[in-house]
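Encoded as structure tokens, the structure appears first; notes follow it.
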Amino acid sequence: MAVRQAAAWCYRGGSISAEPRINDRIRVPEVRLVGPSGEQVGIVPLAKALELAQEYDLDLVEVAATARPPVCKLMDYGKFKYESAMKAREARKNQAHTVIKEMKLRPKIDPHDYDTKKGHVVRFLKQGDKVKITIMFRGREQSRPELGFRLLQRLASDVEELGFIESNPKQDGRNMIMVLGPHKKKTEAMAEAREAQAARKAERQGNNTPDAEPAGQAPEAPAEAAPEAEAETPSEA
């Protein structure tokens, strides 16, 4: 009866829940059970699987509903949902922060323009952005693709401390394209973490130091101020 009520709840409103079935919502006579540590328990009756879930104080979660019999695992479903949501959030965050900038150059670019555009590429890579470098050929320049290739190789070499060639130079119509990717910022992230920790430590020390100084001076200040107030009061009276 409880199983039927749970099933009705899942399908109420004409929509099917995207979440896996857990515990009493599982409606099969037997399941292929996976233990809390990933060990294979084997095919067991559903009642036995639910009994084990209660013994471990865990949930019985259907992880492969289309298998025959369905595969169920013993786990803390609340913790599993939280960790899955955090992973999905982090994946969306990383995807949203992946920006591709574009820099266009001519194969016969003059030194000043080259330095200017290289500076932009350096700035983009420092920001953690990818950079699409496009060499634009015009007229008879199209018969000299090696000029563009050498220019791309030169640029990649000039910024190799900040980025690497993610996509090798390739011809795309009348243009030649290369993509540079930023190096992973593990060192920078660790340095920032250390700086943040040092700042928090300094802030705590700064908050504690002022509290310690007045503690020793507090008894002296009122002792000097109180007699003066008492001495002035009678004279005014």
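The numbers here are math on the coordinates, done by the rules we state, and not lab data. Not measured: the values here are computed from a predicted model. We place every Cβ from the backbone using ideal geometry, glycine too, and count neighbours over all the protein chains shown.
With the simple model of a label 7 Å out from the Cα in the direction of the Cβ, Lys81 to His120 spans 4.9 nm.
Electrostatic bookkeeping for Ala47 treats Lys and Arg as +1 and Asp and Glu as -1; over the other residues with beta carbon under 14 Å from its beta carbon, the sum is -2. Between Gln127 and Glu30, residue separation times 0.36 nm minus the direct Cα-Cα distance comes to 29.5 nm.
Along the Cα-to-C-beta direction of Arg92, a point sits 7 Å from the Cα; which residues of the stretch 120-149 have their amide N less than 17 Å from that point? So the set is empty, nothing qualifies.
Amide H contacts of Leu58: none lie under 5 Å away among residues 5 or more positions distant or on a separate chain (H built 1.01 Å from N in the peptide plane; Pro and chain starts excluded).
For the stretch 100-182, averaging the sequence separation of C-alpha pairs within contact (under 8 Å, six or more residues apart) and dividing by the residue count gives a relative contact order of 35 percent. With Cα atoms as the point set, the radius of gyration and Dmax of the stretch 100-182 evaluate to 11.9, 37 Å. Per-residue extension of 0.36 nm, minus the Cα-Cα distance of Ser157 and Glu51, leaves a gain of 31.8 nm for this segment.
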